[in-house]
Amino acid sequence: MEPQELALIETLAPKHDELRYLWSQHLDYEKDLNRLTVIRYPSEAERRQIGKIKRLKLRGKERITAILEAHRNI
């Protein structure tokens with residue numbers, strides 16, 4: 001994420017429950033992906049898990065972006 005987005009998240013998260021939850025999930029997904037992507041030869045289950053985490057992370061990031069856009073336009 002861009003530094004401006006990170007700064008806005010830090011500002012809004014304490015008073016915006018959904019954003020705080022989504023950001024926490026985003027960071028957890030990032031940790032899970034980092035752990036799984038270092039596996040040299042992932043199993044089929046691990047590859048499916050990587051795909052699932054990427055989809056969930058993207059969905060969350062899209063929602064975070066929408067929240068940030070709404071607050072920028074206020």
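The values are calculated or read from the model by the stated rules, or taken from the named source; none is laboratory data. Note that the coordinates shown come from a computational prediction; the quantities given were computed from them, not determined experimentally. As a convention, Cβ positions derive from the backbone with ideal geometry for all residues, glycine included, and neighbour counts pool all protein chains shown.
Among the residues in the range 41-55, are any hydroxyl-bearing (Ser, Thr, Tyr), at pLDDT 95 or above and either in a helix (DSSP H, G or I) or touching a Pro at 6+ places or on another chain (Cβ under 6 Å) (or both)? No, that holds for no residue. A count restricted to the range 34-74 and to residues that are within 14 Å of the chain's Cα centre (by Cα) and either within 28 Å of Pro14 (Cα to Cα) or acidic (Asp, Glu) (or both) stands at 17. For Met1, work out the one condition from (1) surrounded by 11 or more Cβ atoms within 10 Å (Cβ to Cβ); (2) in a helix (DSSP H, G or I); (3) among the hydrophobic types (A, V, I, L, M, F, W, C) it doesn't fulfil. Met1 satisfies all of (1) surrounded by 11 or more Cβ atoms within 10 Å (Cβ to Cβ); (2) in a helix (DSSP H, G or I); (3) among the hydrophobic types (A, V, I, L, M, F, W, C) except (2).
Residue check: is Leu22 assigned to a helix (DSSP H, G or I), among the aliphatic types (A, V, I, L, M) and under 14 Å from Met1 (Cβ atoms)?
Considered against the rule, which asks whether it is assigned to a helix (DSSP H, G or I), among the aliphatic types (A, V, I, L, M) and under 14 Å from Met1 (Cβ atoms), Leu22 comes out as yes.
Taken over the range 1-51, the criterion of being more than 30 Å from Arg72 (Cβ to Cβ) and not hydrophobic (A, V, I, L, M, F, W, C) is satisfied by Arg35, Thr37, Arg40, Tyr41, Pro42, Ser43, Glu44, Glu46, Arg47, Arg48, Gln49, Gly51. Looking at the structure I just gave you, is Leu22 under 22 Å from Leu8 (Cα atoms), modelled with pLDDT of 95 or more and surrounded by 15 or more Cβ atoms within 10 Å (Cβ to Cβ)? Yes: the conditions hold for Leu22. Taken together, the residues in the range 59-74 that are polar (S, T, N, Q) and either loosely packed, with under 10 Cβ neighbours inside 10 Å or farther than 18 Å from His26 by Cα (or both) amount to 1.
Can you name the residue in the range 30-53 that is in contact (Cβ under 8 Å) with a residue 12 or more places away in the chain and exposed (fewer than 13 other Cβ atoms within 10 Å of the Cβ) and, of all such residues, is nearest to Arg20 (Cα to Cα)? So, considering only residues that are in contact (Cβ under 8 Å) with a residue 12 or more places away in the chain and exposed (fewer than 13 other Cβ atoms within 10 Å of the Cβ), the one nearest to Arg20 (Cα to Cα) is Glu30.
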